[in-house]
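Notes to accompany the following structure.
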Amino acid sequence: MLESDSDRNSFVNFYLYCFRIFIQPRMNISVANVEQFKTIRTGEDYIQSLRGRDLKIYLFGELVKEPVDHPMIRPSINAVAETYDLAVREEELASAHSSITGLQVNRFLHIAESAHDLVLQNKMQRKLGQNTGTCFQRCVGMDALNSLHSTTFEIDEKHKTNYHKRFLEFVKMVQKENLVIGGAMTDPKGDRSKGPAEQDDPDLFTRVVAKDDKGIYVSGAKAHQTGCINSHWIILMPTVRLTENDKDWAVVGAIPADAKGVTYIYGRQSCDTRSMEEGNIDDGNAKYGGQEALMILDRVFIPWDKIFMHGEYEFASMLIERFTCYHRRSYVCKTGLGDVLIGAAATIADYNGIPNVSHIKDKLVEMTHLNETIFAAGIASSYLGHKMKSGVYLNEDMLAQVCKHNVTRFPYEISRLAQDIAGGLVVTLPSEKDFRHPVAGPMLKKYLKGRKGVDVENRMRVLRLIENMTLGRNAVGYLTESMHGAGSPQAQRIQMQRQMQIGYKKNLAKNLAGVTNDIEKPNEPSDYFNRVFKTKDSVL
Ligand SMILES: Cc1cc2nc3c(=O)[nH]c(=O)nc-3n(C[C@H](O)[C@H](O)[C@H](O)COP(=O)(O)OP(=O)(O)OC[C@H]3O[C@@H](n4cnc5c(N)ncnc54)[C@H](O)[C@@H]3O)c2cc1C
Ligand code: SF4
């Protein structure tokens, strides 16, 4: 009898081991298919579920044998594991009742059934940002699932296809098995002034290269893939608006992360090799980190039942716009990181003996103001969520753009203020090895003292955390991902411009100014104000 979770894990792992050694090679099927025998509940279950897969990952010019045990990769796995543990510890926040399966499922796999569900996504994201201080990697998959719910429904409506039913079957499977889904939208894109069919090399955008009665084969690549190696399944989606010439590139499908033909080349992060050194002070945040990789697809097979778009090029922009609408508001995740950085800045001011100085307090207020401004736009976007034809809820687009646009700027200013408060040691601090050295160590303990009663090691740890978030490993998540993830700043400005209804606003002004003979037709294609002023829940 298996009495505890760890007994059950041992049994399941033994079973999987036997399966991999004796059965799988003869059947030529993916390990992701095997995982259905086991339901993942805790972070530890999740970590075990990643073991023994046959992923082809290059890092430092070598193939990685087991990513779970690689010291540079492990912090990113720990961050995803926390999304499982939070759902166990705080069930209401990080899980939801799914009417698709009738189960309580992890919120990252839930299809939003109300605006309240969208709000709770944001609350969960802020909490996870606070708990990990990094990118916890699961929102791209969550936002891909939610945007595909309505897009597949509307493709079927026009083309009489059956993508939505297939998609719901996929959702049922991932909800039941409690799996991690990666969202792969960004292609390498080559010459940015050209579309997919115009590139010299057609592989610069992922495309269909062959098909048969069982499914299709895709080739190309996906760049900057957050958490791809830590995912069980990855959803491939187009990244730009497509034309009729781009039909081969109009493809959406789900593949197991360990599908045959997929190669990953691991992305470097600033100071990443510190996690391969002894000790844990210099890491800044030794437990948690993010992950990105370049994902190369060489004739990767996708069976028909996992294909959710195939040739309907005119729906690529709908999918992208809905995905980015969800995802740009998901960037409230960064307010959780902002909370950590504000806390670190306040702590170092205290350790330095100046917690009550007026300009320090004012800087902490400014950091808080910026951080809450990001949160305000994101959570308001979710509160204004509305029901789509398929039944899923979509948050308000204009405020999602504003949220993400603030994210492209405010974390940089918050980081600048944190570095101001921290002092120069944030970049000149000697290593942990010197701190532990019998001769150098005592010198450091004497000269790196702050105010009386503060442990020098604690001071070092907080300075390293500030370095980690503003210059080091987690600056990838806090800064540059804030800039480019879910689209670079100009992409939000274009969306805001499309929806700003200048004609309508000019009429408001003319009306109050008494201009009666020059009223314009408000011609912007925007439902923003309809949604702002709507008083009843209806499909808009
Ligand atoms: C840390 C991180 C994690 C990410 N995670 C994911 C993920 O999980 N999944 C995913 O699909 N993507 C992911 N992305 C990708 C992200 O969406 C892209 O980085 C973003 O869309 C910008 O694309 P790019 O990096 O190719 O930059 P580019 O497109 O090269 O942009 C660089 C600059 O050129 C401008 N530009 C580009 N093309 C044009 C044009 N045609 N006309 C005018 N200006 C142009 C842009 O506005 C920008 O200022 C991630 C990115 C980062 C940095
Ligand atoms: S950047 Fe934020 S929204 Fe995107 S996956 Fe990471 S934690 Fe989630």
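The values are calculated or read from the model by the stated rules, or taken from the named source; none is laboratory data. This one's a predicted model, so the numbers in the text were calculated from it and none came from an experiment. Backbone-built Cβ (ideal geometry, glycine too); neighbour counts: all protein chains shown. Just so you know, the surface numbers come from the protein's heavy atoms only, side chains and all, with ligands and any DNA or RNA stripped out. Shrake-Rupley method; radii C 1.70, N 1.55, O 1.52, S 1.80 Å.
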Using a 1.4 Å probe on the protein heavy atoms, what percent of the accessible area of segment 386-540 belongs to carbon and sulfur? 57
Using +1 on the beta carbon of Lys and Arg, -1 on that of Asp and Glu, and nothing else charged, what's the dipole of the chain about the Cα centre, debye to 20? 700
Rounded to the nearest 500, what is the chain's calculated 222 nm mean residue ellipticity when only DSSP H runs of at least 4 contribute -39500 (n - 2.57) each, over all residues? -14500 deg cm²/dmol
Once the other residues with Cβ under 13 Å from the Cβ of residue 90 are scored (Lys, Arg +1; Asp, Glu -1), what is the net sum? +1
From Cα pairs below 8 angstrom and at least 6 apart in sequence, can you work out the relative contact order of segment 419-473, rounded to a whole percent? 41
Charged-residue dipole, Cβ positions (Lys, Arg, Asp, Glu), segment 221-334 about Cα centre, Debye nearest 20: 260
Could you give the accessible area per residue of the chain, probe 1.4 Å, as a whole number in Å²? 44
Under the definition of Cα pairs under 8 Å and six or more residues apart, what whole-number percent is the relative contact order of the chain? 16
Sulfur and carbon atoms: percent of accessible area, segment 181-243 [1.4 Å]: 47
Counted charge near residue 339, where neighbours are those whose Cβ lies closer than 11 Å (Asp, Glu -1; Lys, Arg +1): +2
Eligible lysines near residue 449 by straight Cα distance, threshold 28 Å, same-chain separation 8 or greater: 287, 361, 363, 433
In Å², nearest 10: area of residue 370 left accessible to a 1.4 Å probe: 10
Would you work out which of 185, 492, 162 lies farthest towards the positive end of the dipole of the chain, given +1 charges on the beta-carbon of Lys and Arg and -1 on that of Asp and Glu, about the Cα centre? 492
Solvent-accessible area of residue 519 with every protein chain in place, 1.4 Å probe, in Å² to the nearest 10: 100
Distance from the Cα centre of segment 418-478 to that of segment 331-375, in angstrom? 18
Count the net charge of all other residues whose Cβ sits under 11 Å from the Cβ of residue 472, scoring Lys and Arg as +1 and Asp and Glu as -1. -1
